[in-house]
Amino acid sequence: MARVIFLGPPGAGKGTQGQLIAERFGVPHISTGDILRNAIAQGTPLGLKAKTYVDKGDLVPDELILDLIKETLQREEAKQGWVLDGFPRNVAQAEFLTQLLALLQQPCHLVINLDVPDEVILQRLLARGRKDDTEDTIRHRLGVYREQTAPLIDYYKKMGLLKTVNGNRPPAEITDEIQSLIQASQS
Ligand code: AMP
């Protein structure tokens, strides 16, 4: 059982670590970025609305994301726990999530803040080469992260849930540390 939120700038390794941790704990890995990219690829109504924002590196409007998260967290699979990757992305989303989890009586155990220096992030994202990984878009996404998402570090610190992990190390070491932190948060 684990209910964990991954926080960190684009390229910090939230996707990779989120996936590995979800596998180790046998819980779903919920990535709003993956959900949006799939919706765009399939041309669903959500995808059509989200595309211009995702292409530019802006956050999609909250109303497109909040219902989706609510529905996903109420599914049967999510009763065993979850790893959230890419949500919440701003204070309004975090407040919505806090209320939703209280309502579902499924409190979050831990928020992992993956810390990676900016220059490493830029190199990683340029090497990854996703459609929204051009240099201009990366800079824009880092700006969006600093302005809208980084305040969540304080938000979760105040709630006593935040653990910062050095994300600039071999991936297996990072996964082991996160696993220990989750286990410690539950004992
Ligand atoms: P990610 O894969 O998490 O880096 O997300 C890729 C893109 O999807 C972001 O640049 C945003 O455009 C969009 N996105 C993902 N998650 C959210 C969210 N929680 N709120 C708003 N937009 C999001």
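The numbers here are math on the coordinates, done by the rules we state, and not lab data. No experiment lies behind these values; they were computed from the predicted model shown.
Odds and ends about this structure:
- Between the stretch 22-89 and the stretch 153-177, the Cα center-to-center distance that results, in Å: 21 Å
- Straight Cα distances below 30 angstrom link K158 to the lysines K14, K70, K79, with same-chain residues fewer than 8 positions distant left out.
- Rounded to whole numbers, the Karplus 3J(HN,Hα) couplings from phi for the stretch 118-133 are 3, 5, 5, 4, 4, 4, 4, 5, 5, 6, 5, x, 5, 4, 9, 10 Hz, using 6.51 cos²θ - 1.76 cosθ + 1.60 with θ = phi - 60°, and x at Gly and Pro.
- Scanning residues 5 or more positions from W82 or on other chains, those with amide H under 5 Å from its amide H are A2, R3, V4, with H placed 1.01 Å from N in the peptide plane.
- Sequence-ordered 3J(HN,Hα) estimates for the stretch 18-23 from the Karplus curve with 6.51, -1.76 and 1.60 and θ = phi - 60° stand at x, 4, 5, 5, 4, 5 Hz, glycine and proline given as x.
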